[in-house]
Amino acid sequence: MKPGGFLRAVMLAGFLFLWLPILLLVGFAFSADRIPFQWGGFSLRWFGVLAANERLLEAAWLSLRIAAASAMLAVLMGGGIAFALARFGPFRGRAIFGALAGAPLVLPEVVIGLSLLLLFVALEGLIGWPAGRGAFTILLAHAGFGAAYVAVVVQARLAEAERSLEEAAMDLGATPFVAFRTITLPLIAPALVAGWLLAFTLSLDDVVIASFLSGPAGTTLPIALFSMLRLGLTPEVNALGALVVLVAGSMLALALWLLGRRRA
Amino acid sequence: MLKATGLEKRFGTVPALVGLDLAINAGEFFALLGGSGSGKSTLLRVLAGFEAPDAGTLTLDGQDLLPVPPWARPINMMFQSYALFPHMSVADNVAYGLKRAGVVTEERRSRIAAVLDLVGLQGLEARRPQQLSGGQKQRVALARSLVMRPRLLLLDEPMAALDAGLRERTGLELRALQRKTGAAFIMVTHDQQEALALADRIAVLEAGRVAQIGPPQEVYARPTTRFVARFLGAANVLEGRMRDGVFESVEAGADIGSDLPAATVAVALRAEHIRLTNTNEAPVVTGILEDAAFRGDDWLLIIRLKGGASLRVVHPAPPPTAGSAIGLAWGAASVMPLFA
Amino acid sequence: MGGGIGDAAFRLMRRGILLAPLWVWLFMLVAAPVLILVVMAFATPADGVPPFTLGLRFAAFAMLVEDFYYAEALLAALRLAATTAGLCLLIAYPMALGMAGARPPWRLPLLALLMLPFWTGFLLRIGAWMGLLRDEGLVNHLLRGLGITDAPLALLYTQGAMLAGMVHAYLPFAVLPLFTALIRLDPALLEAAADLGARPGRVFFSVTLPLTLPAAAAGFLLVFIPAAGEFVIPELLGPPEAQVIGRVLWQEFFQNRDWPLAAALALALLALLILPIRWFQRLGARA
């Protein structure tokens, strides 16, 4: 199937539609004008303004920490869920287990956020823990839905890695734990890394769930950004966008470079 | 050496092993022959320790094997898919079991070199499994098991993943290796030629139990059940019953052979043991030639007998025209009595 | 087949030790919250912290039925989700065809180009649309500069802005399953169809389209399901009257502090999404 001229044109238009707003956002970050998306000559002043916005920086630092920690937890639990589903065969309640593991993928964010908030409120009422909402409850919530995504990624990888590899290891004298450590774990390591990155990104990007679960001390970057955008756009947002694209782009370049080096 | 009695295993409601008995001698090449669903792979997995039987005993030199987990059994297995660790080099694959056993580096090195030499893979130590041909992968899998110096090696369809051209040579090499190492080999296969050619003894499995066991020549010449006879290439099985020392077959429309054991319930005839009679010879059975196919060296004839059964006959010369009446005969020794 | 290793009882125990924390995790973070949502929907709002008293009252559900405002919010959300998913599919199909038809060395970069916007931040992309569509924004500047209009058009806070933002955010979800299905399509099938005398257009409609229909359905649902509960995009780009369910739920919870009503709205949204979700899971099970 050779792409006809029409298909190629639509494809390019689609990519332009996806990328043009982002590129313009980044480009106008270097404009001196105080009105966003208005060219007033090249300047880095908005990066300076951004660097002086302590509220935003604090929120960003909190977001990064929550994202990293919740992604770790998500990999641990999501990996365990995937292993149980891929390797334990039939066990009691397996259908319910699988349904619960996949539910966060299809539940609307507002429902996840509201329901988890109600859970934490109920728990606080019953056992006094967790006391109030904040970074910790956001972390748990993000780990909860991040684990669902990790489980999908890892389960796919486990399905690819034959069961007989683990059996061969045991046949050669490895206990199940050693077989897991020396065979299974190295084989699913790429999926665990990919799952961590996915959970990290989801956490870093989430505003709805975090809004439900944040207390006075739980202002993440998306929450701060959301309240800024509600009042209207400022060039600071452009500067932030440029930074994010720069960081994400260089991380991608690094990943591609590493991949290319491993292949060579 | 290895002794299994009354092994039972079912998966849900599906029985895989049904009271299976088996005894393997030290140093022999043993083949487990059977179709899919015969239980041969399950049996292998029970011997390796990956499946626990529901009932029965399993001993190695008198020692109970069932409570021993797979990693502690002095038995190694070569998987049908070879199960080579994709993230390790050939040398690391072979070293894996030695490391688990705590063999020191120097001894490990010399043993790996020796076993790679044995299977003819010198120089490929640093390769990854993905960079090997099918035959090379098979040798790595073999080396990885043999380096453990098992007393008993289980081989699950070792030649199934190889090209047809490679199979024969590999089989002979496999037997040479078995002789050289002195380990007992249990090979699972669905290919009767392979089993007959390589094994010291074969067991034909049917529906989870041993249908017949013995040296290949004996099992081939004297199958005892319909299943074994068909599985080992006897093209014709005629139903009937013994009366007054004579085997009466209604579907053949004639009495076939005498001096058969009283328990005979059917007889098997190989296509190559039946000949067409000429005019001055009395046929054992008569029929009509239905079809003939040229096979290069000879013709395969399908002959419909008077009683309704059809016989396959190998004939060395151009056959008569289809529809001709034909008389058939065979030597008394060619009649193989079946008891089940 | 189980891993039949050693003593069966020991095996079950070990498996249980691994499973127990996973069960606790799934129960606490998935099952229990939804159950509590049901309990909350039957409670009564009250002044205090937290603002409700438990009970078994149907007041919240009665409100959903009596006040058309809520039914309309549900309908508006479904309309928005369906329109977004339909538009996404319309753009995604030719895009996926173009991507799958590109020479193999181009496929991975194109895929990266499709997925990369996810790593640039959802809110920042919305922010970009705000900048483009404002009264003094880039689009209005362009329109005036070209002499098409002389007064700024109201572009932001309109249905159009909301749809543009929705499609922009969800388009990759629609392209991905289609692209995967198209590159997995056996080229021999297309060649066979062409060999049997079908012209390219005919090949597409008689072979490619029917074989990729499940992927198209998956792409549609992958957009529809999250879009139905969307809150941020209508809030930041949509007109005030675009009261979709996500926004109404948010207001009931954060502004009116009516937790039981918010819980009832969440349950209503879930009930509406059950069928699409089941359909989506069936498609996934088959693939």
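Nothing in this text is a laboratory measurement; each read-out follows from the coordinates by a stated rule. Just so you know, these numbers come straight off a predicted model, no measurement behind them. Heads up, the Cβs are rebuilt from the backbone with ideal geometry, glycines too, and the neighbour counts pull from every protein chain shown.
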Query - Length added when fully stretched, C:Leu211-C:Arg257, from 0.36 nm per residue minus Cα-Cα - result: 11.6 nm
Query raised in the report: What does the convex hull of the Cα atoms come to per residue for the stretch A:190-257, in Å³?
Result: 100
Query raised in the report: How many Cβ atoms of partner chains, on average, are near each residue of C:95-105 if near means within 10 Å of its Cβ?
Result: 5
Query - Principal axis dimensions, largest first and in whole angstrom, of the stretch B:202-340 by Cα - result: 45, 39, 23
Query raised in the report: Beyond 17 Å, what share of the Cα-Cα pairs of the stretch A:40-86 remains, rounded to the nearest whole percent?
Result: 59
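Starting from the Cα-Cα distance between B:Met242 and B:Arg295, subtract it from 0.36 nm times their residue separation and give me the gain in nm to one decimal. Each step should come with its number before you reach the end.
Details: separation 53, 0.36 × 53 = 19.08 nm, distance 3.59 nm.
Full extension of this stretch gives 15.5 nm more.
Return one quarter of the surface area of the convex hull spanned by the alpha-carbon atoms of the stretch A:1-115, equal to its mean projected area, in nm².
Numbers: hull surface 57.1 nm².
Averaging across all directions leaves 14.3 nm² for the Cα convex hull.
Under 14 Å from the Cβ of B:Gly308, count the other residues' Cβ atoms, weight Lys and Arg +1, Asp and Glu -1, and hand me the total.
Details: positive: B:Arg304, B:Lys306; negative: B:Glu239, B:Glu251, B:Glu290.
Charge balance near B:Gly308 sits at -1.
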Query raised in the report: Mean shadow of the stretch C:65-143, computed from the convex hull of its alpha carbons, in nm²?
Result: 8.6
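Please give the FRET efficiency for B:Thr105 paired with C:Ala82, using the beta carbon to beta carbon distance and R0 = 56 Å, rounded to the nearest 0.05. Spell out each step's value before the answer.
Details: r = 66 Å, r/R0 = 1.19.
My answer for the efficiency is 0.25.
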Query raised in the report: For the stretch B:270-313, what does the equivalent ellipsoid look like in terms of its semi-axes, each the square root of 5 times an eigenvalue of the Cα gyration tensor, given largest first in whole Å?
Result: 18, 14, 9
**Report entry** Average beta-carbon neighbours from other chains, 10 Å sphere, peptide C:156-168
**Finding:** 1
**Report entry** Rg/Rg_ref, chain C, where Rg_ref = 2.2 N^0.38 Å and atoms are Cα
**Finding:** 1.30
Query raised in the report: Using alpha carbon centroids, what distance separates the stretch A:26-98 and the stretch B:132-201, in Å?
Result: 54
Query raised in the report: What's the center-to-center distance, using Cα atoms, between the stretch A:208-245 and the stretch A:133-173 in Å?
Result: 31
Query raised in the report: Please state the Cα pair-distance histogram of the stretch C:1-134 with 10 angstrom bins from zero: what percent is in each bin?
Result: 8, 14, 20, 21, 23, 12, 1, 0
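Pulled fully out, how much extra length does the chain show between C:Leu143 and C:Leu113, if you take 0.36 nm times their separation in residues and subtract their Cα-Cα distance? Could you put the intermediate results ahead of the total?
Values: separation 30, 0.36 × 30 = 10.80 nm, distance 2.88 nm.
Net length gain for the segment: 7.9 nm.
Using the Kirkwood formula on the Cα atoms of the stretch B:1-114, what hydrodynamic radius do you get, in angstrom to one decimal? If you can, show how the numbers build up before the last one.
On the way: mean 1/r = 0.0620 Å⁻¹.
Computed over Cα pairs of the stretch B:1-114, the Kirkwood hydrodynamic radius comes out at 16.1 Å.
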Query raised in the report: Fewest to most neighbouring Cβ within 10 Å: what's the order for A:Thr137, B:Thr59, A:Thr234?
Result: B:Thr59, A:Thr234, A:Thr137
Report summary line: Both in Å, the radius of gyration and Dmax of the C-alpha trace of the stretch C:98-139 are 15.0, 44
Report summary line: Of A:Gly195, A:Gly14, A:Gly89, the most mobile residue in a GNM of chain A (C-alpha springs, cutoff 10 Å) is A:Gly14
Query raised in the report: How long, wide and thick is chain B, going by the Cα atoms along their three principal axes, in whole angstroms, largest first?
Result: 79, 44, 34
Query raised in the report: Measuring from centroid to centroid over Cα atoms, what is the spacing of the stretch B:288-340 and the stretch C:134-206 in Å?
Result: 70
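Rounded to a whole number, what is D in µm²/s for chain A from Stokes-Einstein with the Kirkwood radius over alpha-carbon pairs (37 °C, 0.692 mPa s)? Could the numbers behind the result be given before it?
On the way: Rh = 21.6 Å.
Using the Kirkwood radius from Cα pairs, D works out to 152 µm²/s.
Considering only Cα-Cα distances, which of the following residue pairs are longer than 29 Å: B:Lys137/B:Lys180; B:Lys99/B:Lys137; B:Lys3/B:Lys180; B:Lys40/B:Lys99?
As for pairs spanning more than 29 Å Cα to Cα, those are B:Lys40/B:Lys99.
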Report summary line: Taking max minus min of the Cα coordinates of the stretch A:125-229 on each principal axis, largest first, gives extents in Å of 58, 36, 16
Query - Inter-probe distance in nm under a simple model that places probes 7 Å from Cα toward Cβ, at B:Ala221 and A:Arg181 - result: 5.7
Query raised in the report: Which ordering of B:Ser133, A:Ser203 is given by a fewest-first count of other beta-carbon atoms within 10 Å?
Result: B:Ser133, A:Ser203
Query raised in the report: B:Ala317 versus A:Leu64, label points 7 Å from Cα toward the beta carbon: distance in nm?
Result: 9.6
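How large is Rg over Rh for the stretch B:174-284, taking Rg from the Cα atoms and Rh as the Kirkwood inverse mean of 1/r across Cα pairs? Numbers along the way, then the final one.
Working: Rg = 17.7 Å, Rh = 16.3 Å.
When Rh is taken as the Kirkwood radius, the ratio is 1.09.
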Requested in this report: Return B:Thr57, B:Thr264 ranked ascending by Cβ neighbour count within 10 Å, so the fewest neighbours appear first.
Outcome: B:Thr57, B:Thr264
Query raised in the report: Using a Förster distance of 45 Å, how high is the FRET efficiency between A:Leu16 and B:Gln131, based on the Cβ-Cβ distance and rounded to 0.05?
Result: 0.60
Query raised in the report: How long are the three semi-axes of the equivalent ellipsoid of the protein assembly as shown, in whole Å, if each is the root of 5 times an eigenvalue of the C-alpha gyration tensor, listed from largest down?
Result: 68, 33, 29
